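Remarks on the structure that follows.
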Amino acid sequence: MKQRFNALDIRATVANLKERLIGLRLQNVYDVNSKTFLFKFGKPDDKELVLIESGTRIHTTQFSREKSAMPSMFCAKLRKHIRTRRLTGVRQVGVDRIVDFEFGGGENSLGFHIIAEFYASGNIILTDHEYRILTLLRVVQSDTVRMVAGEIYNIDATLRDFQKVEVDKLKQVLQKAGPKDTLKKILNIGFEYGPAMTEHIILEAGLNPNTKVATEFDCSDDSPALKDLLVAFTKSDEMVASTANKVPKGYIILLDNANQDRQQDIDGKELKEVEIYDEFHPYLYHQHATKKYLEFPTFDSAVDEFYSAIEAQKLEMKARNQENAAIKKLEAVRKEQEGRVAGLLDQQMSNTRKAQLIELNLDTVDAAISIIRNAVASQMDWLDLEELVKEEKRRNNPIALMIDALKLKTNQITLLLSDPYDNEDSDDSDDNDDDENSDDSIEEKRQQQQQQQQQLYKVDVDISTTAFANARVYYDMKKTTAVKHEKTIAATSKALKSAERKIRQDLKETKINVSINKIRKPFWFEKFLWFISTEGYLIIAGRDMQQNEILVKRYLLKGDVYVHADLHGAASVVVKNKPDSADKPIPPSTLFQAGIMSVCQSKAWDAKIVTSAYWVHPDQVSKSAPTGEYLTTGSFMIRGKKNFLPPVQLVYGFGYLFKLDESSIGNHINEKRQELEQDGDQDDNQEIKEDHIEANIQEEEQEGAIMKSVKDVNIADDDDDDSSDSSSSDNDETAFPDTQLTTPSNVNEVSPNTANGSTKDKEWNKYDLEEYGENDDTLPSFAQNQPSDKSQSKKAISAKERRDMKKGTKGTGSGNNTPKLDEFSSQPKPNKKPSNNNKANEPKQQPVSTRGRKGKSKKIKEKYGDQDEEERQLRMEILGSNKGPQPKGKKAKKQAKEKAEKLAMEKEREERRKQRQAEESTTTDDIVDTNKTKDSETLHDNAKETEDIRQMLKEENITMLENEELASLTSLDSLTANPLPNDLLHFAIPVCAPYPALQKYKYKVKLTPGTLKRGKAIKQAQSVFLNHQDITAREKELIKGVPDMEAINTMMSKVKVSAPNLEASKKKKGGRR
């Protein structure tokens, strides 16, 4: 495996560093370990991290690494001299493995240099503009080199560049080869290309790298091998020279691990095969073209991936070793339990067998016990007794032959017992065999005797008791062992589960995190307090006075809204309007949520005061103070009207947003669009339903009038003519003072009652939310219940006008014009201004009572709730309520005939017009088709290809967006609070926002004023999120990967955390302890 950089790697890396670092300032220096340092370069909205390991590597990195809590002495000196200095140059010193970073000077110096050496043990040296050493990582003192503080670094000794290889130089190098030197070895020593490039050159020339130069290579002038080698060197020089103009690509060569055995984890699942990185190069060399490799856009990114993956692979191998150790430990516990069970079972069988053998040899056992007991009772010496037993054995005494050993210390003897019935069976079989097979050999008989001897069992018996008592002791032992065996079997499963649980817990606690996370680039608004409203608007607020100043001066633009509260410490909140709808008003719910943010970020949170915020337009916010006054930092002058918002509740929330991959954005864009369409459809359906119910109310009222006779209609017409008189009009109006007809009117028109409206209306209208926007779905209930302008704008009518409406006539008194009744019920009309004469005679209208209409509306709503528009029209036609008085007799027939002739003429005229248009279009299409056939075919092919791509991506759960949608995407569209299982997620972002804005978040907790500090509040919220029932492994990993300081800086202080499963998560945490 390749471990360190060579000269070509340095050259490729320097080309990339020049492009990315020059002009940036050094923000800080950190030491990762004693030899590795992290240099952080940056400018506003652009950060670059450069990792330098002395003697090994140098590259930019996108991965986070643990840094030392306290900087070393060398790191502190670097910070002292070059922190905040601008990088003015990066170069490779000659062809050597040395990189020179040049920093600009300041008031007291002309500049500094950081010299990084990558050969031998390496070094990092800080010098001034004259290359005088100020400090260095490793002091070097030898006969030829002296590098200590105060000495001049010899930079001129290595100032040379890559030189083209010429024939004379090549011959000179080849002629120095020894008898055993190979072509690869001698060229690697003679030139600065490195072993990989040297092997590539040899293979490009069609030669063998292991060729012996002294004996197998022709070095003459006419040698074709020498010419091919020279051509290969020329091509390689061109490859090296190309890095001066452009940044080369990077390649990682993979190690072939096909012969490795598959490993399994503790659950028996097969572990994923690990791709092991072997080498990294700025070019794809000839010898690596047939191997597996990964290609990267730059060599720098390839090196970053290589070393970061090596660190991760080491951690992963360590984690796998932990898994294997846990598996072995669990297997040992399982075998131990199995051995215990098997041992107890053997003891039961052995005790049972011994008791049975004693019973089968009852007489002989009693005889042996009696003889030994009598000898002991006669005070015979134990040694003499042993000699006596041996003597009797030599005489083939059957009792003595049974005695195997004397254990007189424990008052026991060991007997050799066998089953006599087995011997009888064997004797019978032997007799039968002798009759049938008299020619058996002597060896077979000996084997049978040995088998019989092997069937003898050693049984310990107590000489103080009888044979039966000894058998009973063995039976009792068997019972005890059986009980113990049952208990062991019952406890074995529990013991195995407990051991497995403990091993898993230990493995979980000591498990190594094998992932090295990339450092995410924060969004521009994350330096402020921020959240995204339910309608998708970005709302930002300043953390302090300086940020308030920056926020208003830099980010408050035309179309935005400034929200503030008249409280000490209240945040200056800016509601950013959407780029594609800068002229549209911001919805009231978004303004309400911004008001919650402004109030909760003030002293009202600690004091638990419920109050209101207000909003103004950007042109009302000014930094110019009145004459004789001044404004402090973060303070602004508001000119004009303040639009106050409803009082807010002190309820905040904390949750997480997730950054989506580009391939997953389409799913959530469609979801957002569907939600907006559903909201719009609900509003439309509500309006239609209200109009429909209102029409049904009028239909119910009209049924009584329609059933009247023609005589009643004529009488009503006569009354109509008399009603033009002002006195009769007054009488009619006073006759029915509480009657009012609900007719559609212009929303913008206000009735005379509006000026003398109730106090409740005035309180609501002062917030001006209806005037600014129309979306009140997410407003509080007390705001939604307020009467709207629509109900106030309907004009009250008199009883006379009501009767006229029922008869199909206008309420002005003229009976000539009789429009259809459905015009009043379904078609809105603008209110006309009354004439001056009517104005003079018209009395001042009083507020009309609506007593009884609410119950009637409820009944009609229940009756006609499921009725659609078509059914309503059919019923109206059947009832005849929308036709008015119909003519009868000859007049009716004449009108019907004229109507039929008129329809026939219109139909014939329409057919002739369509025929002429068809003839004209046919002539035009013939001309256009000949010119546009190819274009249409091309468009058809493109559309078909696009559809095929869309279907392919759909199979992979990827939604393809249109070009217009892609162009309108913003950074906020890539954030989601409800990730789908198939989404590719990059990282998680903590959000602290008003609780109404977090209603649709998957992970959220409620915050109210309390006593918890930020750190403890974050721990409680994390425990709730990590114990969420629907959490996925990726989401858990991303939530755990959020840095503690980032989450703590987002959380509010002095809070109380509330969540549905908060107590359950606490119990789980306590149970694990």
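Residues in the stretch 639-664 that are out of contact with any Phe, Trp or Tyr (no Cβ under 6 Å at 6 or more places or on another chain) and of a type in the set (S, T, N, Q): 649, 663, 664. Scanning the stretch 388-410 for residues that are open to solvent by 50 Å² or more (accessible area, probe 1.4 Å), in contact with a Leu (Cβ under 8 Å, 6 or more places away or on another chain) and assigned to a helix (DSSP H, G or I) yields 393, 401.
Entry remark, the stretch 121-146: residues being open to solvent by 20 Å² or more (accessible area, probe 1.4 Å), closer than 24 Å to residue 39 by Cβ and in a strand (DSSP E or B) number 5 in total. Assess whether residue 610 counts as being of a type outside the set (Ser, Thr, Tyr), outside any loop (DSSP other than H, G, I, E, B) and modelled with pLDDT of 85 or more. Spelling it out, it is not the case that residue 610 is of a type outside the set (Ser, Thr, Tyr), outside any loop (DSSP other than H, G, I, E, B) and modelled with pLDDT of 85 or more.
Scanning the stretch 33-81 for residues that are of a type in the set (A, V, I, L, M) and closer than 14 Å to residue 519 by Cβ returns 38, 49, 50, 51.
Listed residues 1049, 982; which is open to solvent by 60 Å² or more (accessible area, probe 1.4 Å) and at pLDDT 90 or above? Reasoning before the result, please.
Numbers: 982 fails: at pLDDT 90 or above.
When all the criteria are applied, what remains is 1049.
I'd like the full set of residues that are among the small types (Gly, Ala, Ser) and open to solvent by 50 Å² or more (accessible area, probe 1.4 Å), limited to the stretch 996-1046. Reasoning before the result, please.
So the first thing to find is which residues in the stretch 996-1046 are among the small types (Gly, Ala, Ser), and the list is 997, 1010, 1015, 1017, 1021, 1023, 1033, 1041.
Once the filter is applied, which keeps residues that are among the small types (Gly, Ala, Ser) and open to solvent by 50 Å² or more (accessible area, probe 1.4 Å), the stretch 996-1046 yields only 1033.
Restricting the stretch 992-1038 to residues that are more than 22 Å from the chain's Cα centre (by Cα) and of a type in the set (Lys, Arg), the residue that is farthest from residue 978 (Cα to Cα) is 1013. Close contacts from the stretch 309-327, counting a first residue that is at pLDDT 75 or above and open to solvent by less than 60 Å² (accessible area, probe 1.4 Å) and a second that is part of a helix (DSSP H, G or I) and of a type in the set (Lys, Arg), with Cβ to Cβ under 9 Å and a gap of 6+ residues or different chains, come to 326/504. Residue 63 meets all of the listed conditions (1) within 21 Å of residue 280 (Cα to Cα); (2) under 33 Å from the mean Cα position of the chain (by Cα); (3) modelled with pLDDT of 90 or more; (4) not polar (S, T, N, Q) but one, namely (3). For the stretch 187-218, which positions are part of a helix (DSSP H, G or I), open to solvent by less than 20 Å² (accessible area, probe 1.4 Å) and closer than 18 Å to residue 234 by Cα? Once the filter is applied, which keeps residues that are part of a helix (DSSP H, G or I), open to solvent by less than 20 Å² (accessible area, probe 1.4 Å) and closer than 18 Å to residue 234 by Cα, the stretch 187-218 yields 187, 194, 196, 197, 198, 200, 201, 202.
With respect to residue 2, determine if the residue is part of a loop (DSSP other than H, G, I, E, B) and either open to solvent by less than 20 Å² (accessible area, probe 1.4 Å) or in contact with a Phe, Trp or Tyr (Cβ under 9 Å, 6 or more places away or on another chain) (or both). When the stated conditions are applied, residue 2 passes them. Among the criteria (1) surrounded by fewer than 16 Cβ atoms within 10 Å (Cβ to Cβ); (2) of a type in the set (S, T, N, Q); (3) part of a helix (DSSP H, G or I), the one residue 13 does not fulfil is (1).
Candidates in the stretch 621-641 are the residues that are closer than 23 Å to residue 591 by Cα and either within 41 Å of the chain's Cα centre (by Cα) or open to solvent by less than 70 Å² (accessible area, probe 1.4 Å) (or both); of these, the one that is modelled with the lowest pLDDT is 634.
Residue count for the stretch 47-65, restricted to those that are touching a helix residue (DSSP H, G or I) at 6+ places or on another chain (Cβ under 8 Å), among the charged types (D, E, K, R) and crowded, with 19+ Cβ neighbours inside 10 Å: 1. Confirm whether residue 595 is within 23 Å of residue 1056 (Cβ to Cβ) and in a loop (DSSP other than H, G, I, E, B). Criteria not met by residue 595.
Within the stretch 67-85, is even one residue over 20 Å from residue 40 (Cβ atoms), surrounded by 12 or more Cβ atoms within 10 Å (Cβ to Cβ) and touching a strand residue (DSSP E or B) at 6+ places or on another chain (Cβ under 6 Å)? Looking through the stretch 67-85, none of the residues is over 20 Å from residue 40 (Cβ atoms), surrounded by 12 or more Cβ atoms within 10 Å (Cβ to Cβ) and touching a strand residue (DSSP E or B) at 6+ places or on another chain (Cβ under 6 Å).
Are any of the residues in the stretch 156-174 touching an Asp or Glu at 6+ places or on another chain (Cβ under 6 Å) and basic (Lys, Arg)? Walk me through how you get there before you give the answer.
Residues of the stretch 156-174 touching an Asp or Glu at 6+ places or on another chain (Cβ under 6 Å): 158, 164.
Keeping just the survivors that are basic (Lys, Arg) gives 164.
Yes, the stretch 156-174 contains a residue that is touching an Asp or Glu at 6+ places or on another chain (Cβ under 6 Å) and basic (Lys, Arg).
The listed residues are 405, 400, 342, 377, and the only one of them that is touching an Asp or Glu at 6+ places or on another chain (Cβ under 6 Å), without any contact (Cβ under 8 Å) to a residue 24 or more places away in the chain and on the phi < 0 side of the Ramachandran plot turns out to be 400.
Of a type outside the set (Phe, Trp, Tyr), surrounded by 15 or more Cβ atoms within 10 Å (Cβ to Cβ) and either within 60 Å of the chain's Cα centre (by Cα) or assigned to a helix (DSSP H, G or I) (or both), is that true of residue 413?
Working: of a type outside the set (Phe, Trp, Tyr): yes; surrounded by 15 or more Cβ atoms within 10 Å (Cβ to Cβ): yes; either within 60 Å of the chain's Cα centre (by Cα) or assigned to a helix (DSSP H, G or I) (or both): no.
Judged against the criteria, residue 413 is not a match.
Pick from the stretch 642-669 the residues that are outside any loop (DSSP other than H, G, I, E, B) and under 13 Å from the mean Cα position of the chain (by Cα): which of them is farthest from residue 552 (Cα to Cα)? If we take residues in the stretch 642-669 being outside any loop (DSSP other than H, G, I, E, B) and under 13 Å from the mean Cα position of the chain (by Cα), then 664 is farthest from residue 552 (Cα to Cα).
Here is a yes/no grid of residues against (1) out of contact with any strand residue (DSSP E or B) (no Cβ under 9 Å at 6 or more places or on another chain); (2) among the hydrophobic types (A, V, I, L, M, F, W, C):
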position	(1), (2)
543	no, no
548	no, no
556	no, yes
563	no, yes
567	yes, yes
601	no, no
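Number of residues in the stretch 222-255 that are open to solvent by 60 Å² or more (accessible area, probe 1.4 Å) and in contact (Cβ under 8 Å) with a residue 12 or more places away in the chain: the value is 8.
The values are calculated or read from the model by the stated rules, or taken from the named source; none is laboratory data. It should be emphasised that the depicted structure is a prediction, and the values quoted were computed from it without experimental measurement. For neighbour counting, all protein chains shown are included, and Cβ atoms are generated from backbone atoms with ideal geometry for every residue, glycine included. Surface accessibility is based on the protein's heavy atoms, side chains included, excluding ligands, DNA and RNA. Shrake-Rupley method; radii C 1.70, N 1.55, O 1.52, S 1.80 Å.
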